[in-house]
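Following: one structure in C-alpha cells, then a few remarks.
The values are calculated or read from the model by the stated rules, or taken from the named source; none is laboratory data. On a predicted model such as this, the values are computed, not experimentally measured, just so you know. Neighbour counts run over all protein chains shown; Cβ positions are idealised from the backbone, glycine included.
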Amino acid sequence: MAGQSIDEVSSELRRAVTRLYSRFRSERVEGEVPDAALLVLVVLDKRGQMSLTGLADFAHVTLGSMSQTVRRLEQLAYVTKARGTDDRRKVLFTLTERGKTAAMASRRHRSDWLNSQIAGLTADERADIARVTPLLLRIADA
C-alpha cells in the first residue's frame, strides 16, 4: 500500500470492511434473530438492564424502531420489561436466560467462524491483523 493515495487506501479499506461485514452477518445460527435484535441481546448481556431510549441511542436507531425490536424479543421471551425501582415512570428491559442463551450461541458461532478464518492465515498475516486492529477501532470510534 506504500505510495497509494488516501483515496485508494480508503476505497480498498471500505471494500474490505463491507465484504467482511457482509460475510460475518451471513454466519447465522439456525433460527437466529435479525442483527438489530441480536445487538439488543448482546448489549443487555454486557450492560445489564437498559431503557428503550438507552437501547435506541446505543444502536443509533429511532425509538419506534427499537420499540418494535424489543417487542419482538419480548414475544420470544428473550427480554422482559419492568418499571424502574428509582423512577417508576421508566421502563427497563432485562435479558432472560433464554435471551442470554440465544446471544451466546450466536456469538459463539460467529467467533468460531472468524477464528477458523484467522487460523488459516500465516503467522505474519495474523500479526498484521493484530497490528491493524487498534487502528480500525480508532477509525470506527471517531
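Give all pairs with beta carbons closer than 8 Å in which a residue from the range 2-31 that is under 17 Å from ASN115 (Cα atoms) meets a residue that is polar (S, T, N, Q); count only pairs at least 6 apart in sequence or on separate chains. From residues that are under 17 Å from ASN115 (Cα atoms), the pairs are ARG28/SER106; VAL29/SER106.
Among the listed residues THR96, THR101, which satisfies the condition of being surrounded by 15 or more Cβ atoms within 10 Å (Cβ to Cβ), within 20 Å of the chain's Cα centre (by Cα), under 20 Å from GLU30 (Cα atoms) and β-branched (Val, Ile, Thr)?
THR96
For the range 30-42, the set of residues classified as surrounded by 15 or more Cβ atoms within 10 Å (Cβ to Cβ), of a type outside the set (D, E, K, R) and in a loop (DSSP other than H, G, I, E, B) consists of VAL33 only. Among the residues of the range 51-90, how many are outside any loop (DSSP other than H, G, I, E, B), under 25 Å from GLY31 (Cα atoms) and not acidic (Asp, Glu)? Residues flagged as outside any loop (DSSP other than H, G, I, E, B), under 25 Å from GLY31 (Cα atoms) and not acidic (Asp, Glu) within the range 51-90 amount to 19. In the set (1) farther than 21 Å from GLU27 by Cα; (2) exposed (fewer than 14 other Cβ atoms within 10 Å of the Cβ); (3) over 15 Å from the mean Cα position of the chain (by Cα); (4) acidic (Asp, Glu), the condition left unmet by ASP112 is number (1).
Only one of the numbered conditions (1) among the small types (Gly, Ala, Ser); (2) more than 10 Å from VAL40 (Cα to Cα); (3) surrounded by 13 or more Cβ atoms within 10 Å (Cβ to Cβ) is violated by GLY64, and that is (3). Looking at (1) touching a helix residue (DSSP H, G or I) at 6+ places or on another chain (Cβ under 7 Å); (2) modelled with pLDDT of 95 or more; (3) over 30 Å from SER10 (Cβ atoms), which is the only condition ILE118 fails? ILE118 satisfies all of (1) touching a helix residue (DSSP H, G or I) at 6+ places or on another chain (Cβ under 7 Å); (2) modelled with pLDDT of 95 or more; (3) over 30 Å from SER10 (Cβ atoms) except (3). Out of all the residues in the range 45-52, is one or more surrounded by 12 or more Cβ atoms within 10 Å (Cβ to Cβ), within 24 Å of ASP141 (Cα to Cα) and at pLDDT below 90? No, the range 45-52 contains no residue that is surrounded by 12 or more Cβ atoms within 10 Å (Cβ to Cβ), within 24 Å of ASP141 (Cα to Cα) and at pLDDT below 90.
Every condition in (1) out of contact with any helix residue (DSSP H, G or I) (no Cβ under 7 Å at 6 or more places or on another chain); (2) of a type outside the set (Ser, Thr, Tyr); (3) in a strand (DSSP E or B); (4) modelled with pLDDT of 95 or more is met by PHE93 except one, and the failing one is (1).
Determine whether ARG98 is outside any loop (DSSP other than H, G, I, E, B), over 14 Å from PRO34 (Cβ atoms) and either among the hydrophobic types (A, V, I, L, M, F, W, C) or at pLDDT 95 or above (or both).
Yes.
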